[in-house]
Every structure is written in C-alpha cells, then in structure tokens.
Amino acid sequence: MKVVPLAVALALCLCGCKKKSSDSAPVSSTENPASSNPTTDASQPAPASAPAAPGTIAHAPGNPGVKVPPPGPPVTVNGVTINVQNAEKALATASWDANVALADLRTALRYEDYQRAMNSLQKAGSDPSVNDGQRAALQQVMQEVRQAASAQPR
C-alpha cells in the first residue's frame, strides 16, 4: 500500500477535486501501469488560427468562448489624441492575432514606446484576415502615433 503525502491529500481535499489520484489507488501485482490508455494527448499542437469569416467576431484560438474585448477610450499622448478605438472597432472581425497586436499597441502607448506601437500596427496590418477598410483605420492610427512621437519633448 502506498502512502499519499499529507500535502497532496490536503490539497485534493481543499480544492474539491473529484479525480482519484493514481497514488491513492491500490496497485495490484497483475496491473501494468504502462499499459493504461491515456485519455488525452497534450503533446499535439493546437491548430493554427484561420482567418475569420467576414461578419464574425474574432475568438481566441485555444478558447472559442473568449471574445475580443470592447473598444476602449481614446489615448492622449503628448497632447495628441490617438483614436485606437476606431481601429479596434474595425478589427472586430479580423483574426485574434490582429486584435492581440492592437492590445500591444495600447500597452506601448501607455509607456510611450512609439517604436513598439508602430511595430504592433504593422503586425496588425500585415495579417491576412485584415481587409482594405481595416487597413485604412490602421493607417489613420499610424498617422496619429507618428504625430504623438514627433510632439515628444526632447
């Protein structure tokens, strides 16, 4: 009979886990633990995210229940208002990767890292799921970021 460490037993009791630990199950001499069938294979990679169909809302590739957050307020940097929410509204139907790039844009603007902000915009614009109207919204935001960078005190 195997003894389950007290910490493991306590953790299982506190978390309410209904699964039986393989350590707590009695092992007979006829069972071969290597012959058990695995229930899931975590070693296989998740499928690559495909471009979203027009009119649909982008979802996280690993969790389809996670949707793109609603657009945030405009960002004011060095007296220049950057309307990131226009690009966020336009990219609501783009891929998840393009929306992640816009989230990186907001973070870069918060820390006034204009090079990273431009890289995020270029990454979002180069996504294959972005159409011409969405690229125009990204170009407008790029122009506003350039204005904020040029207005930066030296």
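Every number here is computed from the coordinates shown, using simple stated rules; none is lab data. From a predicted model like this one, the values you see are computed outputs, not experimental measurements. Methodologically, a virtual Cβ is constructed for each residue, glycine included, from the backbone with ideal geometry; neighbour enumeration extends over all protein chains shown.
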Task: First in the range 95-112 and within 17 Å of M142 (Cβ to Cβ), second anywhere and in a helix (DSSP H, G or I) and among the aromatic types (F, W, Y), Cβ under 9 Å, 6 or more apart - done: A108/Y114
- [ ] State all residues of the range 78-91 that are surrounded by fewer than 20 Cβ atoms within 10 Å (Cβ to Cβ) and of a type in the set (A, V, I, L, M, F, W, C); if no residue qualifies, say none.
- [x] V80
